[in-house]
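Only one structure is covered here, and it is reproduced in the block below.
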Amino acid sequence: MQARALVDLARQTNLHLGVCTQYAASLPYYRQLYEEARGSLTTVESFYAEMETLARGRRRSAAEVWIDMAPHPLSMLLAWMPDGVIEPESLQVVSGSGGVRACFSFVGSSESCRCEIIVRDLHEGQPLRRFGVNGFLVDCTGRPAPDGTYCSALSTDESELIGDDFMSLLIARFAEATIQPKLTPLVSGEVGLRNLELQLQILQNA
């Protein structure tokens, strides 16, 4: 597999390899909202993500939408449970015109999490980006700050948290890792490879 070869090459040559799944950078902001509302987040029993993207006149297959969008929710899931694996018997996938819904149990060394991931193309309107754990869901949008800097916004019906843009955080962390040997990219090549393996495992059941 080319992805595995690339990860191995980076390791052998002592180079950093990062993957651009920026939603992993949202977790500290999400945790802040969660703990303000519910208290300490100690276990992840369920995970939900629903992500839309504007089709912009395209007619894409379910598989194309999945490959485009699924890395983002899967990156969050792997950030919550780095050692998790999909329980094969639990995997249920429904695919249709322009979308995929995947449900499965994600089992780690000390916990099991029931997951539902929905990705779809949207032909008009504002794309939905919603995610959360244990039933605490937030909507994710972006907006410019007064100085023009693009910011992220996580919101519930009761509260909103404005923070740095996730992509900017991802890039900044990678830049830091290039000059601080003990740092690693926010999403490493190894994690990106696991993400790809999960994508394909789910897609093969669609």
Looking at 142, 187, 7, which one has the Cα that reaches farthest to the positive end of the dipole of region 2-203 (charges on Cβ: Lys, Arg +1; Asp, Glu -1)? 7
HN-Hα J couplings of region 98-108 from phi, Karplus 6.51/-1.76/1.60, θ = phi - 60°, integer Hz, Gly and Pro as x? x, x, 9, 10, 10, 10, 6, 9, 10, 10, x
Estimated dipole of region 2-203 in Debye, rounded to 20 [Cβ of Lys and Arg +1, of Asp and Glu -1, Cα centre]: 540
Checking rank on 69-75, 38-44, with mean other Cβ inside 10 Å and highest first, the result is 69-75, 38-44
Please compute the length gained on full extension between residue 4 and residue 145, using 0.36 nm multiplied by the number of residues separating them and subtracting their Cα-Cα distance. 46.8 nm
Which option, (1) 27, 21, 18; (2) 64, 17, 13; (3) 24, 23, 20, is the value of semi-axes √(5λ) of the Cα gyration tensor in Å that was calculated from these coordinates? (3)
So residue 155 and residue 55, fully extended at 0.36 nm per residue minus their Cα-Cα distance, gain in nm 33.6 nm
So which trypsin sites (Lys or Arg not before Pro) in region 132-206 pass both tests, a DSSP loop state and at most 14 other Cβ atoms within 10 Å of the Cβ? 182
Kyte-Doolittle mean at least -1.0 and Cα axial length at least 20 Å: DSSP H helices in the chain: 166-179, 189-203
Under 14 Å from the Cβ of residue 7, count the other residues' Cβ atoms, weight Lys and Arg +1, Asp and Glu -1, and hand me the total. 0
Distance in nm between residue 162 and residue 126 label points, each 7 Å along Cα→Cβ, equals 1.5
Restrict the search to region 38-138; then list the GluC sites (Glu not before Pro) that DSSP places in a loop and that have at most 16 other Cβ atoms within 10 Å of their Cβ. 45, 111, 124
Overall form of region 89-185 per C-alpha gyration tensor (a/c, 1.5; a/b vs b/c): oblate
Nearest-0.05 FRET efficiency for residue 41 and residue 20, computed from C-beta distance (R0 35 Å): 0.85
Which of rounded, prolate or oblate describes region 11-69 when judged by the alpha-carbon gyration tensor and an a/c cut-off of 1.5? oblate
Please label the shape of region 1-118 as rounded, prolate or oblate, based on the square roots a ≥ b ≥ c of the eigenvalues of the alpha-carbon gyration tensor (a/c under 1.5 means rounded; beyond that, a/b larger than b/c means prolate, else oblate). rounded
Quick one: check the C-alpha center-to-center distance for region 139-206 versus region 24-69, whole angstrom. 11
Positive dipole terminus of the chain, leading residue within 55, 26, 106 (C-beta point charges): 55
Pairs of Cα atoms under 8 Å, at least six residues apart: use those to get the relative contact order of region 2-203, whole percent. 29
Along region 154-160, Karplus-curve 3J(HN,Hα) (6.51, -1.76, 1.60; θ = phi - 60°) to the nearest Hz, with x for Gly and Pro, reads 10, 9, 10, 5, 9, 8, 9
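Read-outs: derived from the displayed coordinates by stated rules, not from any lab. Everything quoted here is computed from the prediction, not taken from an experiment. When we count neighbours, we look across all protein chains shown, and the Cβ atoms used for this are built from the backbone with ideal geometry, even at glycine.
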